[in-house]
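Chemist: If you scroll down you'll find the structure; I have some questions about it.
The values are calculated or read from the model by the stated rules, or taken from the named source; none is laboratory data. Values in this document were obtained by computation on a predicted structure and should not be read as measured data. Cβ sites come from the backbone with ideal geometry, for glycine too, and all protein chains shown count toward neighbours. Accessible surface is based on the protein model in full, side chains and every heavy atom, while ligands, DNA and RNA are left aside. Shrake-Rupley method; radii C 1.70, N 1.55, O 1.52, S 1.80 Å.
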Amino acid sequence: MTASGVPGPAELGRGVLVAAGAPAPAPWAGSERLVLAEAAVADPEHLVLRLHEAWANRTPVVVEVLADPAAFRAPRAHPVVPWRVGAAFEPWWDRLHYLLWANNYDAREGEPVWWWTRKAIRLGARADDTGAGDVILGDGRAVWIDGGPRGDALSASLALVHHESVEAGSLSVVPAPAPPTAALAPDQLAAVAHGAGPLRVIAPAGSGKTRVLTARLRHVLEARGYERRSVLAVAYNRKAREEMAARTQGTGGRIQTLNAWGFALLERGLGRRPTVLDEREVRTIVEGLLPRRARRVNTDPLAPYLDGLSLIRLGLRAPDEVEADLEGEAEGLAAIFDPYRAELARRGAVDFDEQVYRAVELLLHDGEFRRAAQADHRHLLVDEFQDLTPAHVLLVRLLSCPTFDVFGVGDDDQTIYGHAGADPGFLIDFAEWFPGAHATALEVNYRCAAPITRAAGTLLSYNHRRVDKVIVAGPDVSDAPDALRLIEHDVALGATALADVVEEWLALPGATATEMAVLTRVNSLLLAPQVALAERGIPLDSALGPEVLDRLGARAALAYLRLAVSPDSVDPRDLLEVHRRPSRGLPNWAEKWLGRCRSLEEVHRIAERVDDAKVADKFADLAADLDSLALRAAK
């Protein structure tokens with residue numbers, strides 16, 4: 001309370017806590033009165049929603065405290081299973097504790113106390129009894145300590161230190177309001193300059209999504225003075241992270257991929273660095289857990305199990321439900337889910353999805369860890385929001401809680417990871433997941449020619465569930481009628497047809513390969529076009545690396561090709577690669593025999609030497625199939 005008896009400038013919206021039956025201090029005589037009773041502690045939803053609304057809108061309230069706040073002072077552990085609670089899990093007591101104290105005086109014992117003043121004094125400030133502020137800094141400035149939402153457009157005459165700074169051990173003064181420094185279009189500027197609270201930014205293709213997200217990161221760090229430790233930008237993959245980092249050099253901003261974020265949380269929470277298993281190691285564990293009756297003979301019998309494990313953990317779905325949806329392709333999946341995770345824990349290891357799922361689990365189960373981590377994630381900027389799975393959204397919500405200050409950027413029309421559990425509904429219904437969220441949209445496609453933008457807008461309008469949006473072509477793009485051309489081709493000749501078009505374009509005067517791009521739905525589909533272009537000597541810069549050839553399907557295909565073109569000089573490793581794809585039903589000892597073969601003729605000899613007629617037939621079938629491939633390759 002200031003010397004004049006006024007609870008700070010009215011626009012700060014401070015409330016007050018009072019004891020049971022106590023009248024409100026005079027400055028709050030007309031304010032709404034809320035009651036913190038034992039029933040509200042047991043079931044805090046209604047009170048939390050009202051407190052959050054008052055805090056977000058800076059509406060002073062009186063909270064009559066009937067229950068002891070010590071009951072939820074320590075953050076609660078939630079020993080729940082992530083897939084059982086889903087993305088909608090609410091840490092109500094985290095929110096209740098924060099909202100009770102963030103912007104309210106404590107007058108339970110009489111004279112109102114502003115606890116942020118006492119905390120600031122411990123950092124070196126001194127109390128201000130003149131009414132010019134809450135405290136006086138070392139340089140003599142009187143400042144108010146703001147307990148409300150960060151980013152509000154408050155009077156420029158107010159000298160403020162935000163409570164997040166005090167929480168971080170700093171007395172940094174909030175900078176004077178300043179617009180973003182980047183040259184931005186009006187719709188982009190509206191997103192970057194957004195004030196307080198969560199914001200959904202709908203960003204259609206070519207509208208400057210990455211530009212907006214990185215400009216926002218730079219703006220809150222440099223122009224608004226947000227603590228760097230409290231801000232994190234989340235990229236969907238490493239390439240996006242690298243691009244965002246390049247655009248924000250010099251800001252010191254934190255940028256992580258979703259999985260790197262999960263891994264860093266695990267390393268911090270566990271106090272050690274987990275081992276990350278590759279797919280081969282994961283397959284070994286899964287295969288060892290499956291009873292023989294659950295194994296299936298097909299081209300890749302373990303693939304449905306790997307997909308199922310991902311759907312359970314990233315999709316936060318019940319194991320038996322996922323197993324049922326896989327329609328007999330993953331019998332026993334539900335039974336191995338817990339043993340599989342137990343084996344990962346025994347090894348001190350994680351796989352790709354476990355980095356996120358285990359981080360979520362740790363945040364739920366360890367309240368102290370969750371509260372400490374939340375202090376480092378007060379403001380999140382999240383790219384490609386439409387491709388977040390329920391586990392990703394739960395991770396974002398647990399760490400952005402209690403204020404849910406999330407700057408979510410994406411386009412519900414561009415969801416490409418639905419097979420892994422991604423749901424555009426998280427972006428469409430953004431305000432339901434992040435209370436008090438605002439919404440804005442980018443509308444101009446600067447990347448594509450006008451006919452492409454118009455065609456895309458027409459096509460996307462057929463999506464049944466989407467955010468209504470305006471998509472217009474940029475002012476400087478081509479409106480030539482031939483800018484969009486649809487070419488029909490045989491499915492098997494797609495890469496050849498693509499290479500033909502590229503050669504045609506390169507023949508145009510002044511055309512260069514750097515002006516052309518090949519787009520596919522997923523990276524793996526780039527392989528055939530890459531080979532076709534390379535064979536014609538066309539220079540290219542591909543998103544694919546050598547690791548694509550190490551995927552199971554590609555490894556097997558390449559092994560078959562090498563065996564076909566060199567039947568008299570084979571690498572035994574290729575035989576070991578192909579004899580299970582498709583499975584031949586050979587016994588385990590077959591690998592030892594195949595490992596000694598140096599030609600296809602030697603595979604035939606094995607078939608002649610084996611006593612078991614059924615096994616001999618299987619070796620003979622393998623040899624015959626490889627002979628057939630060799631004959632085709634020789635033509």
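Chemist: Relative contact order of the range 476-635, please, whole-number percent, based on alpha carbon pairs below 8 angstrom and at least 6 residues apart.
Modeler: Worked out over the range 476-635, it gives 16 percent.
Chemist: If you count, for each residue, the other Cβ atoms within 10 Å and average over each peptide, how do 561-568, 152-159 line up from highest to lowest?
Modeler: 561-568, 152-159
Chemist: Now for a different question. Using +1 on the beta carbon of Lys and Arg, -1 on that of Asp and Glu, and nothing else charged, what's the dipole of the range 585-635 about the Cα centre, debye to 20?
Modeler: That gives the range 585-635 a dipole magnitude of about 200 debye.
Chemist: With the dipole of the range 229-295 worked out from charges on the C-beta (+1 for Lys and Arg, -1 for Asp and Glu) around the Cα centre, which of Leu258, Val282, Ser230 lies farthest toward the positive end?
Modeler: Final value for the positive-end residue is Val282.
Chemist: Next up: So with the 1.4 Å probe, I'd like the accessible area per residue for the chain, rounded to whole Å².
Modeler: For the chain, the solvent-accessible area averages 48 Å² per residue.
Chemist: Further, regarding this structure: Going by alpha carbons, how many degrees (0 to 90, nearest 10) lie between the helix axis of 600-609 and the longest principal axis of the chain?
Modeler: 80 degrees
Chemist: Here's something else I'd like to know. Between Asp625 and Leu493, 0.36 nm times their residue separation minus their Cα-Cα distance comes to what?
Modeler: Roughly 45.0 nm would be gained on extension.
Chemist: Sticking with this one: Going from most exposed to least, what order do Glu267, Glu354 have by accessible area with a 1.4 Å probe?
Modeler: Glu267, Glu354
Chemist: Could you give the length gained by full extension between Leu506 and Arg573, i.e. 0.36 nm per residue of separation minus their alpha carbon distance, to one decimal place?
Modeler: Gain on stretching Leu506 to Arg573: 20.0 nm.
Chemist: Treat every Asp and Glu Cβ in the range 376-444 as -1 and every Lys and Arg Cβ as +1, leave all other atoms uncharged, and give the resulting dipole magnitude about the Cα centre to the nearest 20 debye.
Modeler: Dipole size: approximately 320 debye.
Chemist: For the range 333-373, give the percent of accessible area contributed by carbon and sulfur heavy atoms, probe 1.4 Å, rounded to a whole number.
Modeler: Its accessible area is 53 percent carbon and sulfur atoms.
Chemist: Please work out the FRET efficiency for the pair Ala420 and Ala20, using the Cβ-Cβ distance as r and a Förster radius of 35 Å; give the result to the nearest 0.05.
Modeler: 0.10
Chemist: At 7 Å along the Cα-to-beta-carbon direction for both Ala517 and Val472, put a label point, then send me their distance in nm to one decimal.
Modeler: Modelled inter-label distance: 2.3 nm.
Chemist: Using the Cα centre of the range 299-380 as origin and beta-carbon charges of +1 (Lys, Arg) and -1 (Asp, Glu), tell me which of Ala345, Leu363, Leu314 is placed farthest towards the positive end of the dipole.
Modeler: Leu363
Chemist: Report, in degrees rounded to the nearest 10, the 0 to 90 angle that the Cα long axis of helix 552-565 makes with the longest principal axis of the chain.
Modeler: Once rounded, one gets 20 degrees.
Chemist: In debye to the nearest 20, how big a dipole does the chain give about its Cα centre with +1 on each Lys and Arg Cβ and -1 on each Asp and Glu Cβ?
Modeler: 1280 debye
Chemist: Within the range 401-498, list the GluC sites (Glu not before Pro) lying in a DSSP loop whose Cβ has at most 15 other Cβ atoms in a 10 Å radius.
Modeler: Listed in order of number, the matching sites are Glu488.
Chemist: While we're here: Starting from the Cα of Glu45, step 7 Å along the direction of its Cβ; do the same at Ala455; then give the gap between the two resulting points in nm.
Modeler: With each label placed 7 Å out from Cα toward Cβ, I get 4.9 nm.
Chemist: State, to one decimal in nm, how far the label point of Glu547 lies from the label point of Ala29, with both points 7 Å from Cα in the Cβ direction.
Modeler: 6.8 nm
Chemist: Just to be sure I understand: of the beta bridges DSSP finds with both ends in the chain, what percent are antiparallel, rounded to 5?
Modeler: Roughly 15 percent of the beta bridges in the chain run antiparallel, per DSSP.
Chemist: Taking the mean number of other Cβ atoms within 10 Å as a proxy for protection, how do you rank 392-402, 508-518, 462-472, 569-579 from highest to lowest?
Modeler: 392-402, 569-579, 462-472, 508-518
Chemist: Given R₀ = 56 Å, what would the calculated FRET efficiency be for Glu535 paired with Ala183, taking r from the Cβ atoms and rounding to 0.05?
Modeler: With R0 = 56 Å, the Cβ-Cβ based efficiency is 0.85.
Chemist: With a cap of 13 neighbouring Cβ atoms within 10 Å, and only residues DSSP puts in a loop, list the chymotrypsin sites (Phe, Trp or Tyr not before Pro) found in the range 571-628.
Modeler: In loop regions of the range 571-628 (DSSP not H, G, I, E or B), the sparsely surrounded chymotrypsin sites (Phe, Trp or Tyr not before Pro) are Trp589.
Chemist: Nearest-5 percent of antiparallel DSSP beta bridges in the range 109-223?
Modeler: Taking every DSSP beta bridge within the range 109-223, about 60 percent pair in antiparallel fashion.
Chemist: Could you work out how much longer the chain between Lys592 and Glu343 gets when fully extended? Use 0.36 nm per residue separation minus the Cα distance between them, nm to one decimal.
Modeler: 86.8 nm
Chemist: Okay, moving on. Quick check: the angle from helix 258-270's long axis to the longest principal axis of the chain, C-alpha only, nearest 10 degrees?
Modeler: Value to nearest ten degrees: 70.
Chemist: Next question. Answer rounded, prolate or oblate for the chain, using the Cα gyration tensor with square roots of eigenvalues a ≥ b ≥ c: rounded when a/c is under 1.5, else prolate when a/b is larger than b/c, else oblate.
Modeler: prolate
Chemist: What ³J(HN,Hα) values, in whole Hz, does the Karplus curve 6.51 cos²θ - 1.76 cosθ + 1.60 give for the range 356-369 when θ = phi - 60°, with x put for Gly and Pro?
Modeler: Once rounded to whole Hz, the list reads 7, 5, 5, 5, 4, 4, 5, 5, 5, 7, 10, x, 5, 5.
Chemist: Long-range amide H contacts for His438: which residues qualify at under 5 Å (H placed 1.01 Å from N, peptide plane, sequence gap of 5 or more or a different chain)?
Modeler: Here the answer is Leu199, Arg200, since their amide H atoms fall under 5 Å of that of His438.
Chemist: Binning at 10 angstrom from zero up to the longest distance, how are the C-alpha pair distances of the range 529-635 distributed in percent?
Modeler: 13, 41, 27, 13, 5, 1
Chemist: Kindly rank 226-235, 609-618 from highest to lowest mean number of other beta carbons found within 10 Å of each residue.
Modeler: Put in order of decreasing packing, that is 226-235, 609-618.
Chemist: Find which of Gly410, Val393, Thr496 sits farthest along the positive direction of the dipole of the chain, computed with +1 on the beta-carbon of Lys and Arg, -1 on that of Asp and Glu, about the Cα centre.
Modeler: So the residue furthest toward the plus end is Val393.
Chemist: Next question. Please report, as a whole percent, how much of the solvent-accessible surface of the range 67-112 comes from carbon and sulfur atoms (probe radius 1.4 Å).
Modeler: 52 percent
Chemist: Apply 1/(1 + (r/R0)^6) to the Cβ-Cβ distance of Leu486 and Asp611, taking R0 = 45 Å, and write down the FRET efficiency to the nearest 0.05.
Modeler: 0.15
Chemist: Turning to a different aspect of this structure: Around Leu399, what is the net charge, scoring Lys/Arg as +1 and Asp/Glu as -1 over all other residues with Cβ under 10 Å from its Cβ?
Modeler: +2
Chemist: Right, something else. Tell me which residues come under 5 Å, amide H to amide H, from Glu32 once H is placed; ignore anything under 5 positions away on its chain.
Modeler: Hits under the 5 Å cutoff: Val62.
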